[in-house]
Amino acid sequence: MKITYPYMGNSHIAIKNLLERLGNEVVVPPRPSKKTLSYGTQHAPEFACLPFKILLGTYIEGLEMGADTIISTGGVGPCRAGLYTTLQERILRSLGYEFDFITLEPPSRYLNALYKNIKKIINRPMTLKEFWHVIRFVWEQLKLFDMAERKSFEIRPLEVNQGETSKVYRECVDIIAEARTIEELKEIKNEVIKKMDSIDRRKDFEPVKVGLVGEIYVVLEPAANLEIEETLGELGVYVERSMFFTHYTVSNAIMDLFHLAGERNVKKAARPFFNEMCGGHGRESVGNAVLYAKRGFDGVIQLSPFTCIPEIVAKSVLPAVAKKYDISVLSLSLDEQTGKAGLRTRLEAFVDLLFKKKQKKEGRFA
Amino acid sequence: MSSFLGVDVGSVSTNIALIDEDLNLIEKVYLRTMGKPIEAVQKGLKILKQKISGNIDIAGVGTTGSGRQLASVIVGADTIKNEITAHAVAALNIEPDVQTVIEIGGQDSKVIILRDGIVIDFAMNTVCAAGTGSFLDQQSNRLNIPIEEFGKYALRSKSPVRIAGRCAVFAESDMIHKQQMGYRLEDIIRGLCQALVRNYLNNVGKGKEILPKILFQGGVAANVGMKAAFEEALGYEVVVPEHHDVMGAIGAAILARDAVSHKKSTNFKGLEIMDANYTVDSFECSGCPNRCEVINIKMENEVIARWGDRCNKWKNIGV
C-alpha cells in the first residue's frame with residue numbers, strides 16, 4: 001500500500017512519519033504548485049472552491065507518483081467540504097485511476113468507521129504501547145512546527161535584515177523534520193528557540209497586531225494564501241492565527257469524540273452576532289474576530305476561498321463586529337490567482353491604515 | 001523652484017503629475033499603458049518635458065498603481081506607495097473634510113472611508129471587474145460612441161432600462177437583448193450606469209458607511225452618467241475633482257515630497273531615462289516545486305532588478 005494525502009502547511013512531514021511508522025509506504029505530496037492548480041481546475045467543477053481544486057490536484061500528483069491509496073478527512077457539513085472526498089473519489093475514478101480512498105470522518109458520529117479506517121493504515125505488527133509512542137512522537141513534532149511558526153510571527157516584524165526570519169524559520173522546519181525520537185525533539189526545541197532568538201531585531205519599533213481568521217485550508221496553507229503571513233510580517237505586522245494544526249485537531253476531533261463542542265469560547269464570543277452554525281468556519285471567523293478585538297488587536301484579516309458560503313456569511317457579519325469593537329477588518333477572497341501584486345496592494349493599504357489609526361489612538365498623530 | 005513627480009502606472013492608463021512645493025499641480029500627463037508599462041512611463045516623461053518650457057528641477061519621485069514596483073526601478077523612486085493611500089492623500093489635500101473617496105479605474109474600483117483626516121476603512125473589488133473603466137471602454141467601442149460622450153448619452157435619458165449589473169458578461173448580454181428589442185440607446189446607457197453603481201455599492205461599498213463629502217476619482221469619474229447615477233443612488237452630492245484622472249499620481253508626488261523632506265536627497269535617475277533602452281525577460285526557476293516565474297528588468301542590457309521568486313534567491317543576484 002502506497003499512501004498519499006493532502007498537503008497543508010508543515011503537517012505533511014509529521015503525517016509522513018506517522019504513516020511510515022505504522023508500516024506504510026508513503027508518497028509525500030508535493031507543495032501545491034501551478035501544476036497542482038492546473039490539474040485541479042481542469043478536473044474540478046468550475047464553481048468548486050480553491051481548497052477542493054488544490055486537493056484534487058494534489059491527489060492526481062500523488063497517484064501519478066505511484067500512490068495507490070489516498071487518505072483524507074471528511075466532515076459533516078453543511079460546508080461542501082463534507083462531500084468533497086466522495087466527489088473527488090468519483091472524479092479520480094472517472095479519470096481512470098485505481099486506488100483506495102480512506103476518509104477519516106469525525107469520531108462522534110462515525111467512531112466505528114474511524115476505528116476500521118485507522119486499522120487499515122496500521123500495516124505492521126505493533127503493540128498498543130508502540131502505537132501510542134508513534135502518536136506521541138508525531139504529536140510532539142507537530143507541536144514543535146507550530147511553535148516555530150508562532151515564533152516566526154513574533155520576530156518577523158522586528159527583523160533588521162528583511163527575509164532573515166523566513167530563512168531561519170525554513171532551516172528550523174528542516175531540522176525538526178529530521179528528528180527521529182522524542183528525545184531528539186526536546187533537544188531540537190532548544191536549538192530552534194536559540195536560532196530564532198539570535199535574529200537581529202529592532203528595538204525602537206512596535207508592530208501593529210493582526211489576527212488571521214477564515215477557512216482552514218487557505219489559512220493554514222501558504223501556497224493557497226500567497227504567503228500572507230510572510231508579507232504581513234515584512235510590512236511590520238505581528239500576525240496571530242486563529243488556527244494551528246495541533247489546536248484544531250484537539251478542539252475538533254478529540255473533543256468531538258467525547259461529544260464536547262470545541263472552541264467553546266470562540267462560539268460564545270460569536271453569539272451576539274452569529275448564533276447558528278453555518279458550516280465550515282464561518283462562526284469561528286466571527287468569534288475569533290471578537291476575541292482579537294477584546295485583546296486589543298489593531299486589525300483582523302479574513303481569508304476565504306472564492307464562493308465559500310460559510311465565509312460569505314461571516315463576511316457580512318464582520319462589519320458589525322468592526323463597528324462595535326472599533327477594530328479594522330479586511331476580507332480577502334482567494335482563488336487561482338498566483339500574482340501577488342493585487343494582494344500586496346490591499347495589505348499595504350490595510351497596514352498603512354492600522355499604523356495611522358494606532359498613532360492617532362496614542363495621540364501621536366498631528 | 002523644485003518640483004515633485006508622481007507616477008501612477010495602472011492597468012489601463014499611466015498618469016504622471018508634477019507638483020510644486022506647495023502641492024499645486026504644474027502639469028499632468030494621462031496616457032494609455034497599452035500593456036507596456038515601461039514604454040508608457042518613458043513616453044509620459046517625454047510628453048511632460050515637451051509640455052514644460054524651461055528647466056524642471058525634480059527633487060523627489062513617488063510611484064503608485066499596480067505597476068509601482070516596476071515604475072520605481074525605471075525612474076528611481078523615493079517612495080513606492082499603494083494606490084489606496086495615494087488616492088486618500090491626494091483627496092485630503094484638496095478637501096480636508098472628505099469622508100468618502102469613490103475611485104474607479106481601468107480594472108479596479110475602490111471605496112476609501114476617511115474620518116478626521118485619516119483612512120479608517122477601505123475596500124477594493126477582489127474577484128470581479130464589472131463596472132470598471134475597461135468595461136465601459138469596451139461598451140463605448142461596441143456602440144461606437146466616443147468614451148468622452150458616453151456619459152452625456154445617459155443624461156439625455158428620461159426612462160432608464162434595467163440592466164443586470166452583477167457581472168460584466170450578464171450586463172453586456174442584457175444590453176444587447178434590450179438593444180435588439182429596440183430600446184433607445186440613451187435609456188440603455190443610463191440603465192447601464194445605474195447597474196454599475198448598484199454593483200459597486202453592493203460589492204465594494206457593502207457594509208461601508210458612505211457619508212459626504214464624497215469625492216469621485218479615477219478615469220471613470222469623467223463619465224457624467226456615472227456621477228449622476230451615484231448621486232441618485234446615494235442621495236448626496238458627489239464631487240469630481242478637477243484633476244480626478246491623475247489623483248493617484250498627485251498623491252504619489254505628495255508622498256514623494258514627504259519622503260524627500262526626511263532624507264534630504266532623491267533617488268531620481270533623471271529625465272534621461274526616457275531615452276534609455278529597457279528590456280525584460282523571464283524564466284521559470286527549477287530550484288523547487290514552486291516553479292516561480294522570475295523576471296529580469298534590464299537597462300542597456302544590464303539587469304537592474306529581478307523579482308518573482310518566492311524565496312528571494314534570485315532577487316539580489318547580479319543586480
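The values are calculated or read from the model by the stated rules, or taken from the named source; none is laboratory data. This is a predicted model, so every value here is computed, not measured. Every residue, glycine among them, receives a Cβ derived from its backbone with ideal geometry; neighbour counts consider all protein chains shown.
Quick check: is even one residue across region B:157-177 assigned to a loop (DSSP other than H, G, I, E, B), within 14 Å of chain A (Cβ to nearest Cβ), closer than 30 Å to B:MET34 by Cβ and in contact with a strand residue (DSSP E or B) (Cβ under 7 Å, 6 or more places away or on another chain)? No; the residues of region B:157-177 include none that is assigned to a loop (DSSP other than H, G, I, E, B), within 14 Å of chain A (Cβ to nearest Cβ), closer than 30 Å to B:MET34 by Cβ and in contact with a strand residue (DSSP E or B) (Cβ under 7 Å, 6 or more places away or on another chain).
For the residues A:GLU227, A:GLU276, the requirement of being of a type outside the set (Val, Ile, Thr), surrounded by fewer than 20 Cβ atoms within 10 Å (Cβ to Cβ) and more than 23 Å from A:SER328 (Cα to Cα) singles out A:GLU276. Looking at the structure I just gave you, is B:THR132 among the hydroxyl-bearing types (Ser, Thr, Tyr) and in contact with a Gly (Cβ under 8 Å, 6 or more places away or on another chain)? Spelling it out, B:THR132 is indeed among the hydroxyl-bearing types (Ser, Thr, Tyr) and in contact with a Gly (Cβ under 8 Å, 6 or more places away or on another chain). Taking (1) surrounded by fewer than 23 Cβ atoms within 10 Å (Cβ to Cβ); (2) within 14 Å of another protein chain (Cβ to nearest Cβ); (3) touching a residue at least 24 places away in the same chain (Cβ under 8 Å); (4) farther than 20 Å from B:LEU18 by Cβ in turn, B:LEU92 satisfies each apart from (4).
Somewhere in region B:265-286, is a residue within 14 Å of chain A (Cβ to nearest Cβ), without any contact (Cβ under 8 Å) to a residue 24 or more places away in the chain and among the β-branched types (Val, Ile, Thr)? The answer is no; no qualifying residue exists. On the stretch given as region A:292-305, residues that are touching a residue at least 60 places away in the same chain (Cβ under 8 Å), buried (at least 19 other Cβ atoms within 10 Å of the Cβ) and either at the interface with chain B (Cβ under 10 Å from one of its Cβ atoms) or out of contact with any Cys (no Cβ under 7 Å at 6 or more places or on another chain) (or both) total 9.
Looking at this structure, is B:ILE104 closer than 14 Å to B:GLY248 by Cβ, within 17 Å of the chain's Cα centre (by Cα) and at pLDDT 95 or above?
So B:ILE104 does not fit the description; no.
Where residues in region B:76-89 are of a type in the set (A, V, I, L, M) and either assigned to a loop (DSSP other than H, G, I, E, B) or over 16 Å from B:SER109 (Cα atoms) (or both), which of them is farthest from the other protein chains (Cβ to nearest Cβ)? Within region B:76-89, the match that is farthest from the other protein chains (Cβ to nearest Cβ) is B:ALA77.
Just so you know, in region B:53-75 the residues that are small (Gly, Ala, Ser) and within 12 Å of chain A (Cβ to nearest Cβ) include one that is surrounded by the most Cβ atoms within 10 Å (Cβ to Cβ), and it is B:GLY65. Tallying residues that are hydrophobic (A, V, I, L, M, F, W, C), more than 19 Å from A:ALA223 (Cα to Cα) and either assigned to a helix (DSSP H, G or I) or modelled with pLDDT under 95 (or both) within region A:52-70 yields 1. Close Cβ contacts (under 8 Å, 6 or more residues apart or on different chains) running from residues in region A:240-252 that are farther than 19 Å from A:LEU104 by Cα to residues that are part of a loop (DSSP other than H, G, I, E, B) comprise A:GLU240/A:PHE297; A:MET243/A:HIS281.
Could you list all residues from region B:274-303 that are touching a strand residue (DSSP E or B) at 6+ places or on another chain (Cβ under 8 Å) and among the aliphatic types (A, V, I, L, M)? Residues satisfying the conditions are B:ALA276, B:VAL280, B:VAL294, B:ILE295, B:ILE297, B:MET299, B:VAL303. Which condition does B:LEU114 not pass, out of (1) modelled with pLDDT of 95 or more; (2) more than 14 Å from every other protein chain (Cβ to nearest Cβ); (3) under 23 Å from the mean Cα position of the chain (by Cα), if it passes all the others? Unmet for B:LEU114, out of (1) modelled with pLDDT of 95 or more; (2) more than 14 Å from every other protein chain (Cβ to nearest Cβ); (3) under 23 Å from the mean Cα position of the chain (by Cα): (2). If the condition is being touching a residue at least 24 places away in the same chain (Cβ under 8 Å) and either surrounded by fewer than 16 Cβ atoms within 10 Å (Cβ to Cβ) or in contact with a strand residue (DSSP E or B) (Cβ under 7 Å, 6 or more places away or on another chain) (or both), then region B:146-156 contributes B:GLU148, B:LYS152, B:LEU155, B:ARG156.
This table checks each residue for (1) of a type outside the set (S, T, N, Q); (2) surrounded by 13 or more Cβ atoms within 10 Å (Cβ to Cβ); (3) more than 17 Å from the chain's Cα centre (by Cα).
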| position | (1), (2), (3) |
| --- | --- |
| A:ARG156 | yes, yes, yes |
| A:ASN161 | no, no, yes |
| A:ILE176 | yes, yes, yes |
| A:LEU185 | yes, yes, yes |
| A:ILE188 | yes, yes, yes |
| A:LYS203 | yes, no, yes |
| A:GLY211 | yes, yes, no |
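From the set of residues in region A:5-49 that are within 20 Å of the chain's Cα centre (by Cα), part of a helix (DSSP H, G or I) and within 13 Å of another protein chain (Cβ to nearest Cβ), which is farthest from A:CYS308 (Cα to Cα)? Ranking the candidates gives A:HIS12 first.
Let's see how each residue does on (1) among the β-branched types (Val, Ile, Thr); (2) crowded, with 24+ Cβ neighbours inside 10 Å:
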| site | (1), (2) |
| --- | --- |
| B:VAL204 | yes, no |
| B:PRO212 | no, no |
| B:GLY219 | no, yes |
| B:GLU232 | no, no |
| B:ALA253 | no, yes |
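Among the numbered criteria (1) under 19 Å from A:LYS143 (Cα atoms); (2) more than 14 Å from every other protein chain (Cβ to nearest Cβ); (3) without any contact (Cβ under 8 Å) to a residue 12 or more places away in the chain, which single criterion is violated by A:ASP174? That leaves (2) as the condition not met. Checking each residue in region B:230-254 for being outside any loop (DSSP other than H, G, I, E, B) and more than 25 Å from B:GLN50 (Cα to Cα) picks out B:PHE230, B:GLU231, B:GLU232, B:ALA233, B:LEU234, B:VAL238, B:VAL239. A:GLU284: within 17 Å of the chain's Cα centre (by Cα), over 24 Å from A:ALA349 (Cα atoms) and in a helix (DSSP H, G or I), yes or no? For A:GLU284, the condition - within 17 Å of the chain's Cα centre (by Cα), over 24 Å from A:ALA349 (Cα atoms) and in a helix (DSSP H, G or I) - is met.
Sort out which residues of region B:300-319 are touching a Phe, Trp or Tyr at 6+ places or on another chain (Cβ under 9 Å) and free of Cβ contacts under 8 Å to residues at least 60 places away in the same chain, and write them in order of number.
B:GLU300, B:ARG306, B:GLY308, B:TRP314, B:LYS315
Just one of the numbered conditions (1) more than 10 Å from chain B (Cβ to nearest Cβ); (2) within 28 Å of A:ARG283 (Cβ to Cβ); (3) in a helix (DSSP H, G or I) is not true of A:LYS358: (2).
Taken as a whole, region B:121-131 holds at least one residue that is within 14 Å of chain A (Cβ to nearest Cβ), in a loop (DSSP other than H, G, I, E, B) and loosely packed, with under 15 Cβ neighbours inside 10 Å. Residues in region A:311-342 that are within 9 Å of chain B (Cβ to nearest Cβ), assigned to a helix (DSSP H, G or I) and aliphatic (A, V, I, L, M): A:LEU318, A:ALA320, A:ALA322, A:ALA341.
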